[in-house]
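Each remark here refers to the structure printed beneath this line.
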Amino acid sequence: MENRELFASITTVPPVMVRLDGRAFHRLAHMLGLAKPFDIRFSRAMTAVCRSFLADSGLTPEFAYTFSDEISLYLPKLPFSGRVEKIDSVAASFGASALTLALECAEPIAFDARVIPVTPEYTLEYVVNRQDEAWRNHVNAYCQQALIADGMKPRQAAARLKGMPSPHLHEMMHDRGVNLAKTPAWQRRGVLVYKKRSEKEGFNPLTKEKVKAVRSSVTVDDDLPLFTSPDGQAFLKRLVGCP
Ligand code: DGT
Ligand code: MG
Ligand code: MG
């Protein structure tokens, strides 16, 4: 039989980012009655999914960055001989079932997934870009919610906000008693889940010698620096192994 599994042989080389995005999560948000503009239970569930990716998925990402309904995974090594279809489908389905469990959701959930070939240097740019998007999403979510609370329909609110200069958006929220620079950091800057390495002293009973072992533990940072700041850049460079 002619082999028509044409896309199964498309492969990539490491490192890659894999980005998942919730499929039609506006409907999921409505169904679960998520708090607007931000729901802490939903964010914690997405963080739990990131933890599972690092600890249990077999995809061995080095870190996961999440905001809103998306997750970006950094894979310095590739499973499945780099087969793109397989990486995408396993990442999306693992994410969907992990989130179903974390939210105790009675309806099926889906993510899409895409593979983005990167270099360590490009990874820094990529994560900075996603954090910029998190900030824009945060400003928009607050303003949209404020206009809806004023009685506008979601479409009207979106049209009103389109192209509005940033100082106007801030002023609009300031008038309502919200300082957009002081909202919880996880809403403004996203959440990073990564492997923290530490040296531990152990004892080898065979040689009766003290030995140093590197332990890695999955760590959540929901109070991130701006990735463009000197601290943020230094942190990212360590994480990605950039000089
Ligand atoms: P898509 O990705 O094209 O299949 O469609 P959506 O609906 O997933 O659109 P997207 O990904 O652009 O936007 C994310 C949706 O998730 C958006 O409708 C707002 C919702 N969402 C994310 N986080 C929260 C939250 O904390 N609270 C609420 N109420 N909604 C949230
Ligand atoms: Mg989505
Ligand atoms: Mg999204």
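For the range 20-29, give me each residue that is crowded, with 19+ Cβ neighbours inside 10 Å and either among the β-branched types (Val, Ile, Thr) or in a strand (DSSP E or B) (or both). Give the steps one after another, and end with the answer.
Residues of the range 20-29 crowded, with 19+ Cβ neighbours inside 10 Å: 20, 22, 25, 28.
Across the range 20-29, the qualifying residues are LEU20, GLY22.
Within the range 137-152, does at least one residue satisfy the condition of being within 25 Å of LEU239 (Cβ to Cβ) and surrounded by 11 or more Cβ atoms within 10 Å (Cβ to Cβ)?
Yes, the conditions are met somewhere in the range 137-152.
Which residues, counting only those in the range 19-37, are of a type in the set (A, V, I, L, M, F, W, C) and away from ligand 2 (no atom under 15 Å from the Cβ)? Step through it out loud before you land on a result.
Of the residues in the range 19-37, the ones of a type in the set (A, V, I, L, M, F, W, C) are 20, 24-25, 28-29, 31-32, 34-35.
If the condition is that a residue be of a type in the set (A, V, I, L, M, F, W, C) and away from ligand 2 (no atom under 15 Å from the Cβ), then ALA35 is the only one that fits.
State all residues of the range 22-36 that are out of contact with any helix residue (DSSP H, G or I) (no Cβ under 7 Å at 6 or more places or on another chain) and either charged (D, E, K, R) or within 14 Å of ligand 3 (Cβ to nearest atom) (or both); if no residue qualifies, say none.
ARG23, ALA24, PHE25, HIS26, ARG27, LEU28, ALA29 - these are the residues of the range 22-36 that are out of contact with any helix residue (DSSP H, G or I) (no Cβ under 7 Å at 6 or more places or on another chain) and either charged (D, E, K, R) or within 14 Å of ligand 3 (Cβ to nearest atom) (or both).
Tell me whether the range 53-70 contains one or more residues that are assigned to a loop (DSSP other than H, G, I, E, B), farther than 30 Å from PRO243 by Cα and away from ligand 1 (no atom under 14 Å from the Cβ).
no
Residues that are farther than 30 Å from GLU5 by Cα, more than 24 Å from the chain's Cα centre (by Cα) and not hydroxyl-bearing (Ser, Thr, Tyr), at least 2 per element: which helices (runs of 4 or more DSSP H) completely within the range 81-194 meet that?
120-149, 154-161, 166-175
Scan the range 84-100 and tell me whether some residue there is more than 15 Å from ligand 3 (Cβ to nearest atom) and loosely packed, with under 13 Cβ neighbours inside 10 Å.
No, the range 84-100 contains no residue that is more than 15 Å from ligand 3 (Cβ to nearest atom) and loosely packed, with under 13 Cβ neighbours inside 10 Å.
No lab work stands behind these numbers, since they all come straight from the coordinates. Please read these numbers as outputs of a predicted model, since none were measured by experiment. Please note: Cβ atoms are built from the backbone with ideal geometry, for glycine as well, and neighbour counts cover all protein chains shown.
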